[in-house]
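One structure below.
The values are calculated or read from the model by the stated rules, or taken from the named source; none is laboratory data. Bear in mind that the values here come from a model prediction, so they are computed numbers and not experimental data. Heads up, the Cβs are rebuilt from the backbone with ideal geometry, glycines too, and the neighbour counts pull from every protein chain shown. Each accessible area value is taken on the protein alone, full model and side chains, heavy atoms only, with ligands, DNA and RNA left out. Shrake-Rupley method; radii C 1.70, N 1.55, O 1.52, S 1.80 Å.
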Amino acid sequence: MSAGLSCDVLWTGARLLPMTDPARPDLLIDDAVVAARDGHILYAGPRDGAPAFVPARTQACEGRLITPGLIDCHTHLVHGGSRAGEFEARLAGASYEAIARAGGGIVSTMRATRAASEADLVAASAPRLAEMLACGVTTVEIKSGYGLEPAAEARMLRAARSLGAAMDVSVATTFLGAHALPPEFAGRADAYIDSVIAMLPDLVGEGLVDAVDAFCEGIGFNTQQVERVFLAAQALGLPVKLHAEQLSNLHGAALAARYKALSADHLEFLDDAGVAAMAAAGTVATLLPGAYYFTRDTHLPPIAALRAAGVPMALATDCNPGTSPLTSLLLAMNMGATLFRLTVAECLAGVTIHAARALGRGDIGALAPGFWADMAVWDVTQPAELVYRIGGSPLHARVWRGQ
Ligand code: DI6
Ligand code: FE
């Protein structure tokens, strides 16, 4: 009889970026082993000093890099239609806001989404999700917000749950009923917010809502309206997050911080008071360089101030048809570095440990005992390779819950 801890899989000969200490996102362990049992990490660390394992299966990594599985913590992955035509119009000079005011933009995706069945939405979204998984993603957040009426919002969230059930990935769902004003409520934004609040109990009852989001913006909703949505979420015990300060400064991030939001997202126009409020509340700053790039924005989020204040920064694709038709979290990291001047370690923490926090999750985003065995094995030896490359994916293997 051999002595040792039994485990399902033992990965050997890896370079390991465990992300267990957010203050040391660059910590790299040479010659590491990772052991998983029942989908969870049993051990992840140096081979030297590791317990003896009796694995059912061994995977030799031959010096490859292992990171936590990547987490895309802000996406609008599920939707109908395409906005390629709008993209062409924008290339010819139309602005995003002008298109939105003319009934295009979010509302055009709303029409296509309302016309789609749940199965249509799953079929349209599965290829996008497959592209994300090919970049090492093991958890993805998916928002509603293109239905803007009870039945269509519910279909979007059910489609998100179905994708999670059909593919080897964890899906977190976010209700974004307050994303845009549907045309039938034109001029009656407060009445629409009443209907958004009325949608929540049924969606929550069906288990479709992990968090509640809103779009706080001139072309979205004002802070009073957002606060009403937050109060409704709070009454149901749901965490909140907010699209804030993307195109202007409505002080949405400070409002989000007052409601202990998991994250405030975009933040191009965030001011010092907003940074301080987020730091005090522990709200994650989710940066979305794909939207910044695609809208040809030039107003940078206050990265240096966020860094100085110790606000955790997550990075996500914002995958959506209007402002960020991006499925590669690897490219989002490259953009975070080139456009926002994040360091390699900040980029990697932004798609792992800080992205987990933006979802309120303490069991993913790092490779420590007890965490889910969600990992990416890469055909690279240096973490910088993952941020440096543009296009493609050096993913060797994706491990979701130990498989
Ligand atoms: N901000 C964004 O960047 C997306 N939603 C939001 O609130 C854009 C969504 C779209 O244009 O379809
Ligand atoms: Fe978004």
| task | Could you grab the pairs with beta carbons closer than 9 Å, sequence gap of 6+ or different chains, first residue in region 236-260 and free of Cβ contacts under 8 Å to residues at least 60 places away in the same chain, second one among the basic types (Lys, Arg) and within 16 Å of ligand 2 (Cβ to nearest atom)? | result | 256/241
| said: Restricting to region 20-59, give me the number of residues that are more than 31 Å from the chain's Cα centre (by Cα) and open to solvent by 60 Å² or more (accessible area, probe 1.4 Å). | reply: 7
| said: Would you confirm whether or not region 378-390 contains a residue that is on the phi < 0 side of the Ramachandran plot, crowded, with 18+ Cβ neighbours inside 10 Å, modelled with pLDDT of 95 or more and among the small types (Gly, Ala, Ser)? | reply: no
| request: Have a look at 13, 63, 85 and point out the one that is at positive phi, away from ligand 2 (no atom under 16 Å from the Cβ) and not in a strand (DSSP E or B). | output: 63
| message | Given the condition closer than 23 Å to residue 212 by Cβ, within 16 Å of ligand 2 (Cβ to nearest atom), of a type in the set (Gly, Ala, Ser) and in contact with a Ser or Thr (Cβ under 7 Å, 6 or more places away or on another chain), answer yes or no: does some residue in region 304-316 qualify? | response | yes
| message | When you check residue 170 against the structure, is it away from ligand 2 (no atom under 16 Å from the Cβ), of a type in the set (Ser, Thr, Tyr) and within 20 Å of the chain's Cα centre (by Cα), yes or no? | response | yes
| query | Is it fair to say residue 402 is over 21 Å from residue 313 (Cα atoms), in a loop (DSSP other than H, G, I, E, B) and in contact with a strand residue (DSSP E or B) (Cβ under 6 Å, 6 or more places away or on another chain)? | reply | yes
| task | Kindly indicate which of 398, 341 is out of contact with any Ser or Thr (no Cβ under 7 Å at 6 or more places or on another chain) and surrounded by fewer than 24 Cβ atoms within 10 Å (Cβ to Cβ). | result | 341
| field | Counted residues, region 294-338 - those being under 22 Å from residue 21 (Cα atoms) and either open to solvent by 30 Å² or more (accessible area, probe 1.4 Å) or touching a residue at least 40 places away in the same chain (Cβ under 8 Å) (or both) | value | 16
